[in-house]
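K.L.:
Quick one: the structure is below, questions incoming.
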Amino acid sequence: MQSENQSHHNLYQPREIKFFNDSNLIVSGITQSGKTSFVFHSLQFIDENYLYIDFDDGIFYINKLIEIIQNSSLTNKTLVIDIYNLNINDYMYKILEIIKNANAKRLIIISWLPIKLENFQNIYIYPLNFEEFLSFHNSIDNIDNLDGLFVKYSQIGGFPIFAKYSDQNLTKHLKRLLKCSITDFDIDLLRDIADNVGVPRSIFNIYESIKKRRAVSKDKLYKKLSELIEQGYIFSIVEYQKSSIFKYFLIDQTLQSIFESKKDFSRLFELMVVSELRKRDLSGFFYRNIEIYISETKTAILPFPFAESSIFEKIIKRTLRNLKTLGAEKLQIITMNFEETYSYKSKNSPEILFEAIKFTRWALTL
């Protein structure tokens with residue numbers, strides 16, 4: 001399918017993502033994360049002329065794609081190619097040469113798979129973070145209803161398309177989409193990650209877990225895990241000073257909800273906190289009783305949905321020594337409803353601020 005500057009996605013809400021106005025672009029990200037809508041909105045915002053080719057018919061039609069490009073007037077236009085999960089690297093240089101000869105302004109490739117090409121800027125699209133979710137629902141200023149919107153966010157997650165679906169249909173629809181984009185083995189691996197969120201593991205531990213259910217070689221497991229990480233379905237946090245131990249997470253709570261065998265809200269909440277950081281491109285490591293430590297801001301993060309005053313005091317005592325070891329200046333305990341602050345100062349260490357803060361307020365300050 002091809003179209004030129006049609007009005008796409010009029011209800012689209014802007015994302016917190018930088019768009020490069022004058023560069024060739026590769027826009028990648030997992031299925032239904034909002035890549036195509038992001039490109040359309042960005043091009044219309046700068047009033048740029050473009051030709052869009054939707055390449056959902058598969059690799060068989062690569063030559064048809066090249067024919068369309070050759071027969072189209074691309075002078076001073078941007079060419080947008082939506083290739084889904086097709087690996088077209090073998091054809092890319094031929095396509096680039098044709099575009100160059102056709103005098104196209106630039107090329108934008110939309111892909112589920114990450115692609116590296118010379119003279120291209122790369123943009124990765126995550127599912128919506130909490131602030132984007134509020135914007136999507138036109139609720140960013142509706143502070144009185146933040147708790148209700150948090151519940152909806154925990155159920156629907158950050159995939160923009162799922163705002164259309166009831167909770168009953170969401171799981172079925174997402175599973176159908178995943179069947180089209182990843183393999184049964186990938187799905188089994190995602191399920192294993194979902195059941196072990198927050199558990200420190202080596203890659204060998206994952207192999208031992210998977211092989212209980214299916215025959216698999218170490219090489220295949222390692223390759224598949226690397227691919228799912230590269231594609232953005234999975235991410236990991238490494239343990240402090242231990243390069244072989246990780247905590248693995250799925251990128252969004254919707255994935256966690258459909259793959260987790262035994263529902264556990266504390267585990268879901270932990271994933272929501274850590275994935276919120278990931279969606280903002282904030283990274284760090286974990287250490288003992290600290291979920292994630294971000295060196296750049298000297299801030300430690302600890303999800304604890306049902307904290308209260310007595311638990312807050314225990315957390316201070318339990319983490320103080322580790323925070324001093326890391327040189328932390330703040331511990332943020334992310335909760336559902338409880339908020340409190342405490343400041344600790346000793347002669348031989350800098351002041352440490354302990355802050356219990358609701359997820360809804362914390363996520364809007366990142």
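Laboratory data are not the source of any read-out in this text; all were calculated from the coordinates shown. From a predicted model like this one, the values you see are computed outputs, not experimental measurements. Don't worry about glycine lacking a Cβ; one is built from the backbone with ideal geometry, like all the others, and counts go over all protein chains shown.
K.L.:
Would you work out the charge dipole size for region 300-366 about its Cα centre, treating the Cβ of every Lys and Arg as +1 and the Cβ of every Asp and Glu as -1, and quote it to the nearest 20 debye? Please list the in-between numbers first.
P.N.:
Values: 10 positive and 7 negative charges, 59 e Å.
Here the size comes out at about 280 debye.
K.L.:
Something else: Taking only the C-alpha atoms, wrap a convex hull around region 84-124 and report its volume per residue in Å³ as a whole number. Walk me through the intermediate numbers first.
P.N.:
On the way: hull volume 3.2 nm³, N = 41.
Spelled out: Cα convex hull of region 84-124, divided by residues, is 78 Å³.
K.L.:
Next question, about the same structure. Taking the Cα centre of region 267-328 as origin and charging only Cβ (+1 Lys, Arg; -1 Asp, Glu), how large is the dipole, in debye to the nearest 20?
P.N.:
Roughly 240 debye, rounded to the nearest 20.
K.L.:
Just to be sure I understand: if I project the alpha-carbon convex hull of region 223-365 onto a plane and average over all orientations, what area do I get in nm²?
P.N.:
Values: hull surface 37.4 nm².
Its average projected convex-hull area is 9.4 nm².
K.L.:
Let me ask something additional. How much of the pair distance distribution for the chain lies past 25 Å, counting alpha-carbon pairs only, in percent?
P.N.:
On the way: 39673 of 66795 pairs.
Here the long-distance tail beyond 25 Å is 59 percent of all Cα pairs in the chain.
K.L.:
Restricting everything to alpha-carbon atoms, can you work out Rg to Rh for region 135-266 with a Kirkwood hydrodynamic radius?
P.N.:
Numbers: Rg = 16.6 Å, Rh = 16.3 Å.
Taking Rg over the Kirkwood Rh, I get 1.02.
K.L.:
If you add up the charges near residue 309, with Lys and Arg at +1 and Asp and Glu at -1, over every other residue whose beta carbon is less than 13 angstrom from its beta carbon, what do you get?
P.N.:
Numbers: positive: 314; negative: 308, 313, 339, 340.
Local net charge: -3.
K.L.:
While we're here: Going Cα to Cα from residue 212, which lysines come in below 27 Å? Please leave out same-chain ones fewer than 8 positions away.
P.N.:
Partners within reach: 172, 175, 179, 220, 223, 224, 242, 247, 262, 263.
K.L.:
Let me ask you something else. Counting only other residues whose beta carbon sits under 14 Å from that of residue 209, what net charge do I get with K and R as +1, D and E as -1? Intermediate results must be reported in sequence, preceding the final value.
P.N.:
Values: positive: 191, 201, 211, 212, 213, 214, 218, 224; negative: 188, 192, 195, 208.
Around residue 209, the charge tally is +4.
K.L.:
Can you give the charge dipole size of the chain about its Cα centre, rounded to the nearest 20 debye, using +1 on the beta carbon of Lys and Arg and -1 on the beta carbon of Asp and Glu? Numbers along the way, then the final one.
P.N.:
On the way: 46 positive and 44 negative charges, 268 e Å.
Dipole about the Cα centre, nearest 20: 1280 debye.
K.L.:
Would you work out the relative contact order for region 114-244, in percent, from Cα pairs under 8 angstrom that are 6 or more residues apart?
P.N.:
Details: 47 pairs, mean separation 27.3, N = 131.
RCO, region 114-244: 21 percent.
K.L.:
Give me Rg/Rg_expected for region 72-154, where Rg uses Cα atoms only and Rg_expected = 2.2 N^0.38 Å with N residues. Mind showing how you got there, number by number?
P.N.:
On the way: Rg = 19.2 Å, N = 83, 2.2 N^0.38 = 11.8 Å.
Relative to the rule-of-thumb radius for its length, region 72-154 sits at 1.63.
K.L.:
Here's a follow-up. Rounded to the nearest 5, what is the percent of antiparallel bridges among the DSSP beta bridges in the chain?
P.N.:
Values: 22 of 55 bridges.
Taking every DSSP beta bridge with both residues in the chain, the antiparallel ones total about 40 percent.
K.L.:
Residue farthest toward the positive end of the dipole of the chain, with Cβ of Lys/Arg at +1 and Asp/Glu at -1: which of 356, 326, 173?
P.N.:
Projecting each Cα onto the dipole axis, the largest value belongs to 326.
K.L.:
Whole Å is fine, so just give me how far the alpha carbon centre of region 306-347 lies from that of region 232-294.
P.N.:
Spelled out, the Cα-based centre of one part sits 20 Å from the other.
K.L.:
Using the C-alpha gyration tensor of region 256-302, what are the square roots of 5 times its eigenvalues, in whole angstrom, with the largest one first? The partial results should precede the final answer.
P.N.:
On the way: eigenvalues 105, 30, 10 Å².
Equivalent ellipsoid semi-axes, largest first: 23, 12, 7 Å.
K.L.:
Given an 8 Å cut-off on Cα distances and at least 6 residues of separation, report the relative contact order of the chain as a percent. Provide the component values of the computation, followed by the final result.
P.N.:
On the way: 568 pairs, mean separation 48.4, N = 366.
This gives 13 percent for the chain.
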